[in-house]
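Readers should treat all values here as calculations from the given coordinates under stated rules, not as data from a laboratory. Computed from a predicted structure; not experimentally measured. As a convention, Cβ positions derive from the backbone with ideal geometry for all residues, glycine included, and neighbour counts pool all protein chains shown.
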Amino acid sequence: MNFRNDTYAKCVISHFLHKKSIRQNDRLAVSKLVSNLTRGTVRSPLAQCLLIRFISQVIQESGATQTGDRPFYDYLEACLRHKAEMVIFEAARAITELSGVTSRELTPAITVLQLFLSSSKPVLRFAAVRTLNKVAMMHPMAVTNCNIDMESLISDQNRSIATLAITTLLKTGNESSVDRLMKQITNFMSDIADEFKIVVVEAIRSLCLKFPLKFRSLMNFLSNILREEGGFDYKKAIVDSIVILIRDIPDAKESGLLHLCEFIEDCEFTYLSTQILHFLGVEGPKTSDPSKYIRYIYNRVILENATVRASAVSTLAKFGAMVDSLKPRIFILLRRCLFDSDDEVRDRATLYLNTLGGDGAVVETDEDSKEFLFGSLDVPLSNLETSLKNYEPSEEPFDINSVPKEVKSQPLAEKKATNKKHPGLDTPLAAPSTGVDAYEKLLSSISEFSSFGKLFKSSAPFELTEPETEYAVNVVKHVYDGHIVFQYNCTNTIPEQLLEDVTVMVDASEAEEFSEIASKPLRSLPYDTPGQTFVAFQKPEGVPAVGKFSNNLRFIVKEVDPSTGEVVEEDGMEEDYQLEDVDVVAADYMLRVGVSNFRNAWESIGADFEKVDEYGLGPRESLTEAVNAVISLLGMQPCEGTEVVPNNSRSHTCLLSGVFIGGLKVLVRLQFGLDSSREVAMKLAVRSEDEAVSDTIHEIVASG
């Protein structure tokens, strides 16, 4: 094939691409097609670019590495010596994006991209630095040889090129180059837009966590740009970075808190002021000299709006509760707040004075007041609200221990009442009961399952049939420590039929760790009357075993007179009805249990079994997509609204809590970052009451 005309060449290659999409499951045919093209003489640069992308896709889809599929990789490497710049770059980019590529195999592509960094064409400089920026996330050492060339790009007239050069240098630089980079970046920051500044701030934060001994110079840089002009997203990125550095680098706490105090003196964003005041209330009392922060906090009571004033009152109360030497002075300041014009501020001041003993009231113990004001609630607020609404005034006081700890979007009884095709239990649930309690009562009454122990979790119903089919079936997964029970809720929607001996035949060939041990068929299923059949499997005890289960509904069907309900033919006919598959996933072994104060809960667990690691999540449309994917994978409860990612944010921290099978509390801190090429990186920190559970969470993420 000798293509000299660009348009004709592109059409032919596009035809092959279309042919490949039609025969995408025939890997042998696709591989043969690619081999034929690479042996041809495709001369058009545009056609060769398409061919390179085609080859790259084939390598990735076949799961073969470059060394395992040598002719394809050799062709890509040969394209690095092509006379057309577009072909050279396309080949270099394709090599850097291959999975499993080694640093040695990257070297030819990196060398070519390094030459492009000094090109006179802005488009080539931008393409090269963007590709190197992406490579630096996975192979930073392979890019270090390009650092000198990238330093010259910091002053590039194209701000996109300069930003990418800086962030790449921050990822690949060593500890000795930090100070020099900071001097170069300082002059650069005033010339770029906020969206580029945010990218630089996030890169600096990562660099500081990488080289904690350099926190002083990096913290000073962040504090200096914090006092400069900028929008909300930019200022929030800086504040979030300082907060993370304070949390992860103990030596940076006092200087970081002072920087934040100075910032709120002139902060125009209410959200950031309240965020910093809350953080001061948590960390300030633990410093060597807590008194130096009081002036900054009380200034907010005098000078700010009602929302910030109320937050400042709460922060003052935290200092009074945790630092005995400051308590008398805190009481004086809180009494002044009793005359505030806003009722929220006055109410908070009154509450704290009464609780801490500032109004002369006798307080039982300081620990009681601290727990009341700042302790972790340990129950979801939505559940507490529902329980309070359902509480009937009586001589018996409301018991917070009766509030369900599992987050449920809708009570099971409501689901049954509103949708006949989602049958749950045969008896309605009382409002205060949880779905787990009712399910446990039902399952314990069945002799085959009564020895399984305490029910850990029951899932929401999952539909196994399409809407408006003749039989409606959904499944609920009941998880025990050593067993799992599938409850198949069935409804017969055909008036002329009666189903008998209804059971579900479950194929667990794709779930080898499970073994079927019991089943309970449904004797009769009349028209429009929900019924349940059960199948139980044994699994490794305490282990989050996963797998796919195929389901086939089997029954004897008898003809019925719809007007009388009597059976017309006693001899029925055995039939099968194919259902959708059921997946048992890692999230089935986690209860969604929230905490009201994540920081307190995090510190109470301690760092004995903390496990931290970093992961690449690949290209994503947005951080929101990545956050939702990880939350769904782990099946944990987002805390403090951190599941919501601000618009256009390139970094985000998400806090999750839950209870793992066995009753072990788990807390997770996720830090996401999105680079310019839409690649998402994630840092996962897990704290649990058991080291094996922390390891398991990381294994779930790594395999998911």
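Pull out the extension gain between D690 and K83, defined as 0.36 nm times the separation in residues minus the alpha carbon to alpha carbon distance; nm, one decimal. Mind showing how you got there, number by number?
Values: separation 607, 0.36 × 607 = 218.52 nm, distance 5.93 nm.
Gain on stretching D690 to K83: 212.6 nm.
How about region 600-636: which GluC sites (Glu not before Pro) there are in a DSSP loop, with at most 13 other Cβ atoms within 10 Å of their Cβ? All intermediate terms of the calculation are to be shown ahead of the outcome.
Values: sites: E603, E610, E614, E621, E625; in loops: E610, E621.
Listed in order of number, the matching sites are E621.
What ranking do H698, H259 get, fewest neighbouring Cβ atoms within 10 angstrom at the top?
Working: H698 16, H259 21.
Least to most surrounded, the residues fall as H698, H259.
How about K134: which aspartates and glutamates have a C-alpha closer than 13 Å to its C-alpha, ignoring those fewer than 8 places off in the same chain?
E97, D675, E679
For the residue pair F269 and N220, what label-to-label distance in nm results when each label sits 7 Å from Cα along the Cα-to-beta-carbon direction?
Here the modelled spin labels are 2.5 nm apart.
Need the C-alpha centroid separation for region 196-249 versus region 468-537, integer Å.
Taking the Cα centre of each part, region 196-249 and region 468-537 sit 55 Å apart.
Just the number: Rg to Rh for region 592-703, Cα atoms, Kirkwood Rh, two decimals.
Across region 592-703, the Cα-based Rg/Rh ratio is 0.96.
Testing the spin-label approximation: label points 7 Å from Cα along Cα→Cβ at E566 and S515. State their distance in nm.
Reported label-point gap for E566 and S515 is 5.0 nm.
If a/c stays under 1.5 just call it rounded; otherwise compare a/b with b/c (prolate if a/b is bigger, oblate if not). Do that for region 567-607, with a ≥ b ≥ c from the square roots of the Cα gyration tensor eigenvalues. Let's see the in-between values first.
On the way: a/c = 7.43, a/b = 4.11, b/c = 1.81.
Prolate, because a/c is 1.5 or more and a/b exceeds b/c.
Taking neighbour Cβ counts within 10 Å as the exposure measure, how do T529, T696, T350 sort from fewest upward?
Numbers: T529 13, T696 23, T350 17.
So the residues, fewest neighbours to most, are T529, T350, T696.
Past 18 Å, Cα to Cα: identify those pairs from K171/K210; K477/K539; K121/K171; K457/K520; K83/K121; K214/K292, in the order given. Working shown, then result.
On the way: K171/K210 9 Å; K477/K539 13 Å; K121/K171 25 Å; K457/K520 20 Å; K83/K121 16 Å; K214/K292 25 Å.
Where the Cα-Cα span goes over 18 Å, the pairs concerned are K121/K171; K457/K520; K214/K292.
State the extension gain, in nm to one decimal, for the chain segment bounded by K210 and K286, taking 0.36 nm per residue of separation less the distance between their alpha-carbons. Numbers along the way, then the final one.
Working: separation 76, 0.36 × 76 = 27.36 nm, distance 2.51 nm.
Taking K210 through K286 to full extension adds about 24.8 nm, to one decimal.
When only alpha-carbon atoms are used, what values of Rg and Dmax, in angstrom, describe region 87-238?
So, for region 87-238, Rg and Dmax equal 15.5, 46 Å respectively.
What does the charge count around D583 come to, taking other residues whose C-beta lies under 13 Å from its C-beta (Lys +1, Arg +1, Asp -1, Glu -1)?
On the way: positive: K477, K548; negative: E510, E580, D581, D588.
Computed value for this residue: -2.
For region 258-330, run through the GluC sites (Glu not before Pro) and keep only the ones in DSSP coil with at most 13 other Cβ atoms within 10 Å of their Cβ.
Details: sites: E262, E265, E268, E283, E304; in loops: E265, E268, E304.
When the GluC sites (Glu not before Pro) of region 258-330 are filtered for loop state and at most 13 Cβ neighbours within 10 Å, E265, E268 remain.
Past the 32 Å Cα-Cα mark, which pairs from K197/K683; K197/K665; K286/K389; K236/K286; K235/K611? Mind dumping the intermediate values first?
Working: K197/K683 22 Å; K197/K665 38 Å; K286/K389 38 Å; K236/K286 24 Å; K235/K611 30 Å.
Violating the 32 Å Cα-Cα cut-off are K197/K665; K286/K389.
Mind sorting T503, T564, T172, T111 by how few other Cβ atoms lie within 10 Å of their own Cβ, fewest first? List each step's numbers first, then the result.
On the way: T503 18, T564 8, T172 22, T111 13.
The fewest-first ordering by Cβ neighbours comes to T564, T111, T503, T172.
How many angstrom lie between the Cα centre of region 551-569 and the Cα centre of region 634-704?
So the two Cα centres are separated by 50 Å.
Test of understanding: express the Cα radius of gyration of region 619-681 as a ratio to 2.2 N^0.38 Å, with N the residue count. Can you show the working numbers first?
On the way: Rg = 12.5 Å, N = 63, 2.2 N^0.38 = 10.6 Å.
Compactness ratio reported: 1.17.
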